[in-house]
1. Which residue is farthest from SER25 (Cα to Cα), if the candidates are limited to the range 74-111 and must be modelled with pLDDT under 95 and in a loop (DSSP other than H, G, I, E, B)?
2. Look through GLY35, GLY54 and report the one residue that is closer than 15 Å to GLN98 by Cα, under 12 Å from the mean Cα position of the chain (by Cα) and not hydrophobic (A, V, I, L, M, F, W, C).
3. Only residues that are aromatic (Phe, Trp, Tyr) and open to solvent by 30 Å² or more (accessible area, probe 1.4 Å): list them for the range 10-40, please.
4. May I ask you to list the residues in the range 87-111 that are within 26 Å of GLY10 (Cα to Cα) and loosely packed, with under 12 Cβ neighbours inside 10 Å?
5. Taking the range 64-86, which residues are open to solvent by 50 Å² or more (accessible area, probe 1.4 Å), in contact with a Ser or Thr (Cβ under 9 Å, 6 or more places away or on another chain) and free of Cβ contacts under 8 Å to residues at least 60 places away in the same chain?
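The values are calculated or read from the model by the stated rules, or taken from the named source; none is laboratory data. It should be emphasised that the depicted structure is a prediction, and the values quoted were computed from it without experimental measurement. No Cβ is skipped: glycine too gets one built from the backbone with ideal geometry, and neighbour counts run over all protein chains shown. In case anyone asks, the SASA skips ligands and DNA or RNA and just uses the protein heavy atoms, side chains included. Shrake-Rupley method; radii C 1.70, N 1.55, O 1.52, S 1.80 Å.
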Amino acid sequence: QVQLVESGGGLVQPGGSLRLSCAASGSIFSISAMGWYRQAPGKQRELVALITSGGSITYVRSVQGRFTISRDNAKNTVYLQMNSLKPEDTAVYYCNTQITTGWPPVRDDYWGQGTQVTVSS
(Lines give C-alpha, C1' and ligand atoms only; values in the text may rest on other atoms or scores of the structure.)
Protein backbone atom coordinates (compact mmCIF):
# COMPACT_ATOMS: atom_id res chain seq x y z
CA GLN A 1 0.00 0.00 0.00
CA VAL A 2 2.87 2.37 0.79
CA GLN A 3 6.17 2.60 -1.03
CA LEU A 4 9.27 4.62 -0.22
CA VAL A 5 11.64 5.23 -3.12
CA GLU A 6 15.08 6.61 -2.40
CA SER A 7 17.48 8.23 -4.82
CA GLY A 8 20.63 10.31 -4.87
CA GLY A 9 23.37 8.09 -3.50
CA GLY A 10 26.69 7.53 -5.19
CA LEU A 11 30.45 7.94 -5.05
CA VAL A 12 31.87 11.31 -4.07
CA GLN A 13 35.27 12.62 -3.08
CA PRO A 14 35.94 13.89 0.43
CA GLY A 15 34.60 17.42 0.77
CA GLY A 16 31.96 16.81 -1.86
CA SER A 17 28.19 16.94 -1.66
CA LEU A 18 25.23 14.69 -2.33
CA ARG A 19 21.50 15.11 -1.97
CA LEU A 20 19.31 12.17 -1.04
CA SER A 21 15.59 12.06 -1.70
CA CYS A 22 12.90 9.73 -0.41
CA ALA A 23 9.39 9.88 -1.85
CA ALA A 24 6.43 8.13 -0.26
CA SER A 25 3.48 7.01 -2.33
CA GLY A 26 0.32 4.97 -1.88
CA SER A 27 -2.75 5.19 0.31
CA ILE A 28 -1.38 7.78 2.69
CA PHE A 29 -3.61 9.48 5.22
CA SER A 30 -0.85 11.47 6.91
CA ILE A 31 2.90 11.45 7.53
CA SER A 32 4.40 12.16 10.93
CA ALA A 33 8.17 12.10 11.47
CA MET A 34 10.52 11.53 8.55
CA GLY A 35 14.15 10.63 9.02
CA TRP A 36 17.37 9.27 7.63
CA TYR A 37 19.38 6.43 9.12
CA ARG A 38 22.66 4.94 7.98
CA GLN A 39 24.48 1.69 8.45
CA ALA A 40 28.17 1.25 7.79
CA PRO A 41 29.74 -2.21 7.37
CA GLY A 42 30.07 -3.93 10.72
CA LYS A 43 28.20 -1.21 12.57
CA GLN A 44 24.69 -0.76 13.89
CA ARG A 45 22.18 1.36 12.07
CA GLU A 46 22.14 4.89 13.48
CA LEU A 47 19.82 7.84 13.21
CA VAL A 48 21.36 10.62 11.14
CA ALA A 49 18.60 13.22 11.04
CA LEU A 50 14.93 13.49 11.88
CA ILE A 51 12.26 16.05 11.06
CA THR A 52 8.83 16.01 12.65
CA SER A 53 5.56 17.06 11.06
CA GLY A 54 5.88 20.29 13.01
CA GLY A 55 9.33 20.98 11.61
CA SER A 56 11.45 20.13 14.64
CA ILE A 57 14.83 18.78 13.56
CA THR A 58 17.40 16.55 15.23
CA TYR A 59 20.84 15.60 13.95
CA VAL A 60 23.43 13.15 15.19
CA ARG A 61 26.37 15.19 16.44
CA SER A 62 28.77 13.92 13.79
CA VAL A 63 26.79 15.54 10.94
CA GLN A 64 25.73 18.79 12.59
CA GLY A 65 26.68 21.75 10.44
CA ARG A 66 27.26 19.57 7.38
CA PHE A 67 23.92 17.85 6.69
CA THR A 68 20.50 19.43 6.29
CA ILE A 69 17.22 17.56 6.42
CA SER A 70 14.07 19.00 4.88
CA ARG A 71 10.66 17.82 3.75
CA ASP A 72 8.09 18.74 1.12
CA ASN A 73 4.73 17.74 2.52
CA ALA A 74 2.95 18.35 -0.78
CA LYS A 75 5.21 15.76 -2.41
CA ASN A 76 5.44 13.40 0.60
CA THR A 77 9.21 13.66 0.21
CA VAL A 78 12.11 14.03 2.61
CA TYR A 79 15.55 15.22 1.58
CA LEU A 80 19.03 15.03 3.06
CA GLN A 81 21.55 17.53 1.75
CA MET A 82 25.01 16.29 2.65
CA ASN A 83 27.93 18.71 2.36
CA SER A 84 31.59 18.44 3.35
CA LEU A 85 31.35 14.69 3.16
CA LYS A 86 33.95 12.61 4.95
CA PRO A 87 35.07 9.00 4.43
CA GLU A 88 33.38 8.10 7.72
CA ASP A 89 30.04 9.10 6.19
CA THR A 90 30.30 6.06 3.93
CA ALA A 91 27.27 3.84 4.58
CA VAL A 92 23.96 2.67 3.23
CA TYR A 93 21.42 5.39 3.94
CA TYR A 94 17.80 4.51 4.66
CA CYS A 95 14.82 6.78 4.93
CA ASN A 96 12.23 6.06 7.56
CA THR A 97 8.79 7.56 7.90
CA GLN A 98 5.82 7.21 10.19
CA ILE A 99 2.78 6.96 7.94
CA THR A 100 -0.88 6.66 8.80
CA THR A 101 -2.99 4.68 6.37
CA GLY A 102 -6.41 3.15 6.12
CA TRP A 103 -9.61 3.50 8.06
CA PRO A 104 -9.62 3.29 10.96
CA PRO A 105 -6.24 4.99 10.72
CA VAL A 106 -3.20 2.94 11.62
CA ARG A 107 0.31 4.41 11.95
CA ASP A 108 3.31 2.29 11.04
CA ASP A 109 7.01 2.70 10.35
CA TYR A 110 8.10 2.38 6.73
CA TRP A 111 11.62 2.01 5.38
CA GLY A 112 13.19 2.82 2.05
CA GLN A 113 15.28 0.30 0.15
CA GLY A 114 18.55 1.98 1.05
CA THR A 115 21.01 3.90 -1.08
CA GLN A 116 24.78 3.56 -0.97
CA VAL A 117 26.87 6.61 -0.22
CA THR A 118 30.61 6.16 -0.66
CA VAL A 119 33.06 8.93 0.17
CA SER A 120 36.49 8.14 -1.19
CA SER A 121 39.31 9.69 -3.16
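1. The residue in question is PRO104.
2. Values: GLY54 fails: under 12 Å from the mean Cα position of the chain (by Cα).
Sole residue among the options that is closer than 15 Å to GLN98 by Cα, under 12 Å from the mean Cα position of the chain (by Cα) and not hydrophobic (A, V, I, L, M, F, W, C): GLY35.
3. Going through the range 10-40, the residues aromatic (Phe, Trp, Tyr) turn out to be 29, 36-37.
Passing the criteria: PHE29, TYR37.
4. Scanning the range 87-111 gives PRO87, GLU88, ASP109.
5. GLY65, ASN73
Residue-by-condition table, conditions (1) under 23 Å from ALA74 (Cα atoms); (2) touching a helix residue (DSSP H, G or I) at 6+ places or on another chain (Cβ under 7 Å); (3) among the basic types (Lys, Arg):
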residue	(1), (2), (3)
GLN3	yes, no, no
GLN13	no, no, no
ARG19	yes, no, yes
ALA24	yes, no, no
ILE28	yes, no, no
ALA33	yes, no, no
LYS43	no, no, yes
SER53	yes, no, no
SER56	yes, no, no
